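Okay, so here's the structure we're looking at.
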Amino acid sequence: MNVETGKLGTPKLGEARHPAISTQAIIAQDKVKAPGWVASESYAFLGDEDIDTHRYTSAEYQAREFERLWTRTWQFACREEHIPEVGDYHVYDIGTSSFIITRVADNDIRAYYNACLHRGTKLRASGTEGSATQFKCMFHGWSWNIDGTNKDIPCPWDFPHIDAAKMSLPEASVELLGGFVWINMDYDAPTLREYLGPEALAHIEAWRLEDRYIACHVSKPIPANWKLNMEAFMEAYHVPDTHPQVSPTNADQNSQYDVYGAHVDRFISTLGVVSPTKEGLYSEQDVLDQFTVGDASIVTDKPIVPEGERARQVMADMFRTGFEKAANADLSNISDSEILDCFSYTIFPNTFLFPGISLPMVYRFRPNPRDHRESIYEVLFMRPKPNDGSAYVTAEAVHLTADQSFKEAAGMDAGFGGILDQDTDNLRMQQEGIEASAKHGLTLANYQEIRVRHFEQTVDRYMSLDAKVPDWKNMPRR
Ligand code: FES
Ligand SMILES: [Fe+2]
């Protein structure tokens with residue numbers, strides 16, 4: 001007997017789907033047709049073992065993650081617009097590691113280890129950015145040029161044992177993609193493009209996220225391990241119970257899930273379509289009237305859905321016009337699905353990219369190196385740059401405290417802030433529940449929770465490797 005369906009014979013494990021209309025069938029009815037990266041599927045069954053919860057509850061496990069996982073993976077450190085001019089820098093921290101991301105020339109961005117080569121003092125404080133002509137240590141005044149070469153060592157007569165020409169700041173690898181600056185501490189790592197694989201790379205290149213800018217940036221400490229924090233955003237299975245206000249307009253439990261190699265996975269969750277859990281309860285007009293996702297300012301008045309038309313189509317048309325006007329951008333080549341739907345991609349280990357227009361987010365999750373039960377969650381909204389070249393302002397990060405609502409952050413849509421509050425309110429209860437449980441494993445759905453399994457399998461892959469802690473003696477130097 002098939003354990004998923006209770007039926008004899010078919011389907012095989014991982015092949016069962018919600019009986020409601022599929023994501024692809026919903027999208028296929030749209031007027032402005034979806035591109036190949038939307039209109040395709042790439043699910044794989046990856047097993048059905050429980051996920052051992054030690055990974056969420058152990059400080060020692062998190063310490064090993066820093067040696068094995070974070071030192072080998074590509075991470076989004078900042079956006080290029082954070083450092084537009086030569087000499088601009090932005091400090092990126094991961095765990096206790098810290099990097100000064102610096103634009104050295106128009107096409108040359110470097111990531112220096114943020115520590116003095118004398119007695120180790122940080123050269124720039126965490127969380128800072130600015131413009132520099134040199135990086136000078138506050139303690140005894142050793143200094144470096146912005147190209148990382150040593151500039152000055154006070155009292156050189158007292159350091160006959162060192163060669164200043166060999167005292168350049170050590171660097172992590174840097175690659176640029178989609179307007180993001182990515183860094184990797186491992187010189188032996190695959191390139192970013194190899195790491196993503198050809199299929200996921202083609203998706204990312206199609207989005208042209210380099211043509212977006214940061215319209216809103218919010219960070220908040222969350223009382224849960226960073227991996228639980230990530231996993232809260234990997235499926236739409238939770239939508240009917242956690243976000244009941246969304247279900248009238250979100251095809252949640254018939255969303256689509258895909259995996260691409262080891263480091264990328266996604267879901268597509270269509271909007272303007274009623275949840276299968278609310279089937280028959282709402283007319284197409286009700287669906288339109290209840291729509292609250294996305295940027296409320298775009299929706300000024302909600303029209304009548306013509307007889308025989310789908311609320312989804314009316315919304316796509318309305319959003320296209322509204323976003324074109326609001327962003328002064330030409331969206332005529334963008335499909336209805338891209339305008340409307342929620343596309344959530346994870347780039348391992350800690351970045352989510354949402355290339356849609358109505359939900360244009362980037363999420364980043366980082367562990368608190370001093371508390372494995374806390375993580376920092378960041379949400380950025382990336383709007384299209386004005387197509388007439390007019391100015392845009394890169395939003396500065398708003399840092400919420402643990403007890404503030406996402407709704408309080410300037411620039412955050414109140415409806416969306418409420419959804420994030422619902423997601424993160426679950427996390428304290430989940431962290432504490434896992435610690436309280438007699439069951440030391442998470443049981444996952446084969447389809448709807450495939451991203452959680454895929455993510456944790458890649459965590460396992462890195463955790464099975466030896467520790468690899470950067471050591472400047474063995475690093476290639478300029
Ligand atoms: S620690 Fe930096 S100059 Fe001494
Ligand atoms: Fe959610």
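Observations
- Net lengthening on full extension, Asp421/Glu80 (0.36 nm per residue, minus Cα-Cα): 119.8 nm
- Cα long-axis angle, helix 198-207 against the chain (0 to 90 degrees, to the nearest 10): 80
- Other residues within the sphere of radius under 15 Å centred on the Cβ of Ile162, judged by their own Cβ, net out at +2 (K and R +1, D and E -1).
- Here's the picture: charge each Lys and Arg Cβ at +1 and each Asp and Glu Cβ at -1 in the range 193-246, and of Ala224, Tyr195, Val246 the one pushed furthest to the positive end of that dipole is Ala224.
- Net charge of neighbours whose Cβ lies under 13 Å from the Cβ of Gln422, counting Lys and Arg as +1 and Asp and Glu as -1: -2
- Relative contact order for the range 75-185: 26 percent, from Cα pairs under 8 Å spaced at least 6 residues apart, divided by residue count.
- Placing pseudo-labels 7 Å out from each Cα toward the beta carbon at Thr277 and Asp158 gives an inter-label distance of 6.7 nm.
- The range 347-472, relative contact order in percent, only Cα pairs under 8 angstrom and at least six apart counted: 13
- Exposure proxy order (Cβ contacts within 10 Å, fewest to most) of His54, His82, His118: His54, His118, His82
- Per-residue Cβ neighbour rank within 10 angstrom, fewest leading, Trp70, Trp207: Trp207, Trp70
- Cysteines in the chain lacking any other cysteine Cβ under 4.7 Å from their own Cβ: Cys78, Cys155, Cys216, Cys342.
- Seen from Arg193, the other residues with C-beta closer than 10 Å to its C-beta sum to a net charge of -3, counting Lys and Arg as +1 and Asp and Glu as -1.
- Relative contact order [Cα under 8 Å, 6+ residues apart], the chain, whole percent: 22
- Residues Ser335, Ser219 in ascending order of nearby Cβ atoms (within 10 Å, fewest first): Ser219, Ser335.
- The angle separating the long axis of helix 450-463 from the principal Cα axis of greatest extent in the chain is about 20 degrees.
- For the range 436-476, backbone nitrogen atoms closer than 20 Å to the point 7 Å from Ala262 Cα along Cα-to-C-beta are found at 450-470.
- Between 0 and 90 degrees, the angle of helix 311-327 with respect to the longest Cα principal axis of the chain falls at about 30 degrees.
- From most to least packed by mean Cβ count within 10 Å, the peptides 92-104, 419-431 give 92-104, 419-431.
- Inter-probe distance in nm under a simple model that places probes 7 Å from Cα toward Cβ, at Glu199 and Ala59: 4.2
- The Cα-based radius of gyration and maximum Cα-Cα distance (Dmax) for the range 75-185 are 13.9, 48 Å.
- Using R0 = 60 Å, the C-beta based FRET efficiency linking Ile21 and Met475 works out to 0.65.
Every read-out reported here was derived from the displayed coordinates using simple, explicitly stated rules and does not represent laboratory data. Just so it is clear, the structure is predicted and the values come from calculations on it, not from any experiment. Don't worry about glycine lacking a Cβ; one is built from the backbone with ideal geometry, like all the others, and counts go over all protein chains shown.
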